[in-house]
Amino acid sequence: MTEPLIVCDRLCVDLGGAKVLDGLSLSVHEGDFLAVLGPNGGGKTTLLKVVLGLVRPTSGSVTVFGKEPGCAAGRIGYVPQRLDFDRSFPISAMEVVLMGRLSRKKLFQRYGRQDRQKALEALETTGLASLAQRRIGALSGGELQRALIARALAGEPELLLLDEPTASVDPDMKTTIYDLLDQLKKSHTIVLVTHDTGTIARHVSRIACLNCTLDMHEPGSTLGRSALDSLYGYPVDVVEHRAPRSHETYPDHRHA
Amino acid sequence: MWSSIALLAATKPIRITAMPDILHFEFMRNAFLAAILSSVACGIIGAYVVVRRLGFISGGIAHTAFGGIGLSYYLGLNPLAGIIPFSLAAAIGIGLLSRKARIAEDTAIGAFWAAGMSVGVILIGLTPGYAPNLFSYLFGNILTVPNSDLQLILLLDLLIIAVVWLFDKEFVAISFDEEYARISGLKTLALDLVMLCLIALTVVIMVRIVGIVMVIALLTIPAAIARSFSQSLYRMMATGILLAGLFSIAGLWLSWIFNLASGATIILVAALVFLVNALLRAGKARQTAC
């Protein structure tokens, strides 16, 4: 078996004195499609930021592609949660997507034909090719979200980290984004932070329930009402985790 | 506006001069050249100042530079010899304090702003005799720009253009999404400091034209108007340069005709156009809302 892309070992993170992640151990392997569920403040976004090298662990260790977080910039595509960009910023969708090529360019090196080609392909994949020259402020929430996914794809990453990509879009667009992810999971390892407890199980290979500590759910198991209620602290949709259509399983990574 | 000018011309003996006549005088030629050359730096750096909301930090850098003016007076040097190091030190100091030392940015700006002014006031007080040109550094005097300063402005323009061209994609990235730039492996703090230093150099140029107190207006107004018409950051810069040039030349010309302070007239022209543009846009937004 190949080395996992992400390994967290007894990871603890304190932010401003509060424990956000407490003793989290987790590994993500090539071809995984991992969904991270959990209440707000449960450390989902923090986990992504640790993997990206934006937040340092207080204790425990994290390796990403076998290295320290932040050292594998070119191999990770990140789709941030916030859509509160300055909408009046004079920049086109194409220019935003080109930023995905940053990690592959040296300082002072300008975007070339290949970068434009990759950016355009990413825009086509996300169905935004016709809006490439549109100013970012003129895009809808769903279009902007797909532009951010395109930006992540333009860097040709092996690992995609998505932070609630469906949080601020209408149900129709949600389906579009999940269809896109179904397509992307064939060629990418994906970690998806989400609140879509109802629909997520049909798409992903594993589910991690994160509320400072971790509860791991492998294919075939049912994430019952009691488990989810105790996770969220209030009633939520039951997640029934059937084996998805195509994935590799790693039953040896179960954490209680 | 033209009818009011004609009215004034009829009631008071005012020199209404055609443009070419103004240019007979060397100081006016220099003034126009200074206006055009400074607009280049203003339009380019103003775009970053507006999209990144660096207006207040620019004001802090400009006012800290007053300490440099005081030091030059005290040591009997060319004021620019003091303004350049002081403004660069302010840029780096405020940048590092607010980004590294967990001090709120406006606190760091306020401290530098007032400390710089204080240093200037004390050093000027310690200098024997009256400081005759002090007023022109606070409020600008475009009519006294010597040839040597024009050359310096041209040099700084070229430097700014070169750095912006080199850091093109990095500056766009940190301006639009700093977190993503950092994830992509960019040294965002260093890039940030480079950008703040460019603002400092622009301040050096603008002190000659409109003075320390009014620098912020020319850094923000042309770029802010340009943003509403621009599809990309580069068009915003180009439009900003054009607008800054127009405001400077129009202000200079009006100040010549009505015998007003040149720097203040330039700012008022810019502010007036800004106000009209803002009102027109507000009206348009209301129309589409109904």
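The values are calculated or read from the model by the stated rules, or taken from the named source; none is laboratory data. These numbers were taken from a predicted model, which means no experiment stands behind them. Cβ coordinates were reconstructed from backbone atoms using ideal geometry, including for glycine residues, and neighbour counts include every protein chain displayed. Protein only, heavy atoms only, side chains kept; ligands, DNA and RNA dropped before computing areas. Shrake-Rupley method; radii C 1.70, N 1.55, O 1.52, S 1.80 Å.
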Q. Of all the residues that make up segment B:222-242, how many are touching a residue at least 60 places away in the same chain (Cβ under 8 Å) and either out of contact with any Pro (no Cβ under 7 Å at 6 or more places or on another chain) or facing chain A (nearest Cβ under 9 Å) (or both)?
A. 12
Q.
I'm checking my understanding of the structure. Among residues of segment B:59-111 that are within 15 Å of B:Leu189 (Cα to Cα) and of a type in the set (Gly, Ala, Ser), which one is nearest to the chain's Cα centre (by Cα)?
A. B:Ala91
Q.
Between a residue in segment B:153-175 that is closer than 19 Å to B:Arg208 by Cβ and more than 7 Å from every other protein chain (Cβ to nearest Cβ) and any residue that is outside any helix (DSSP H, G or I) and modelled with pLDDT under 95, which pairs come within a Cβ distance under 6 Å, given they are 6 or more apart or on different chains?
A. none
Q) In segment A:97-115, is there at least one residue being within 26 Å of A:Leu47 (Cβ to Cβ) and more than 11 Å from chain B (Cβ to nearest Cβ)? A) yes
Q: May I ask you to list the residues in segment A:74-118 that are in contact (Cβ under 8 Å) with a residue 12 or more places away in the chain and in a loop (DSSP other than H, G, I, E, B)?
A: A:Pro80, A:Gln81, A:Leu83, A:Phe85, A:Arg87, A:Ser88, A:Phe89, A:Pro90, A:Ile91, A:Tyr111
Q.
Can you tell me how many residues within segment A:131-141 are over 22 Å from A:Ile200 (Cβ atoms), open to solvent by 10 Å² or more (accessible area, probe 1.4 Å) and either more than 14 Å from every other protein chain (Cβ to nearest Cβ) or among the β-branched types (Val, Ile, Thr) (or both)?
A. 1
Q: Kindly indicate which of B:Ser184, B:Ser148, B:Ser136 is hydroxyl-bearing (Ser, Thr, Tyr) and within 14 Å of chain A (Cβ to nearest Cβ).
A: B:Ser184
Q. Of the residues in segment A:149-193, how many are without any contact (Cβ under 8 Å) to a residue 40 or more places away in the chain and either small (Gly, Ala, Ser) or within 18 Å of A:Arg82 (Cα to Cα) (or both)?
A. 7
Q | Qualifying positions in segment A:119-130 - part of a helix (DSSP H, G or I) and either at pLDDT below 95 or away from chain B (no Cβ under 14 Å) (or both) | A | A:Leu120, A:Glu121, A:Ala122, A:Leu123, A:Glu124, A:Thr125, A:Ala129, A:Ser130
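Given the criterion open to solvent by 10 Å² or more (accessible area, probe 1.4 Å) and either of a type in the set (Val, Ile, Thr) or farther than 27 Å from A:Leu102 by Cβ (or both), identify the matching residue among A:Gly60, A:Gly42, A:Gly53, A:Gly74.
A:Gly60
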Q: Any residue in segment B:206-217 that's free of Cβ contacts under 8 Å to residues at least 60 places away in the same chain: show its pairings with residues that are open to solvent by 10 Å² or more (accessible area, probe 1.4 Å) at Cβ separation under 7 Å, as long as the two are six or more apart or on different chains.
A: B:Ala217/B:Ile267; B:Ala217/B:Ala271
(Q) Which of the numbered conditions does A:Ala208 fail, given that it passes all the others? Conditions: (1) in a strand (DSSP E or B); (2) small (Gly, Ala, Ser); (3) modelled with pLDDT of 90 or more. (A) (3)
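Is it the case that A:Leu162 is away from chain B (no Cβ under 14 Å) and either aliphatic (A, V, I, L, M) or within 29 Å of B:Phe167 (Cβ to Cβ) (or both)?
Criteria not met by A:Leu162.
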Q: Given the conditions (1) within 14 Å of chain B (Cβ to nearest Cβ); (2) open to solvent by less than 40 Å² (accessible area, probe 1.4 Å); (3) hydrophobic (A, V, I, L, M, F, W, C), report the number of the one that A:Leu47 does not fulfil.
A: (1)
(Q) For segment B:109-122, check the following and say yes or no: at least one residue is under 30 Å from B:Phe27 (Cβ atoms), open to solvent by less than 30 Å² (accessible area, probe 1.4 Å) and part of a helix (DSSP H, G or I). (A) yes
Q.
Every residue in segment B:137-155 that is within 20 Å of B:Gly67 (Cα to Cα) and open to solvent by 50 Å² or more (accessible area, probe 1.4 Å), please.
A. B:Phe139
Q: Output the number of the condition that B:Leu77 fails; it satisfies all remaining conditions of (1) in a helix (DSSP H, G or I); (2) more than 16 Å from B:Ala244 (Cβ to Cβ); (3) not charged (D, E, K, R).
A: (1)
Q: Scan (1) touching a residue at least 12 places away in the same chain (Cβ under 8 Å); (2) away from chain B (no Cβ under 13 Å); (3) not hydroxyl-bearing (Ser, Thr, Tyr) for the single condition A:Leu144 breaks and write down its number.
A: (2)
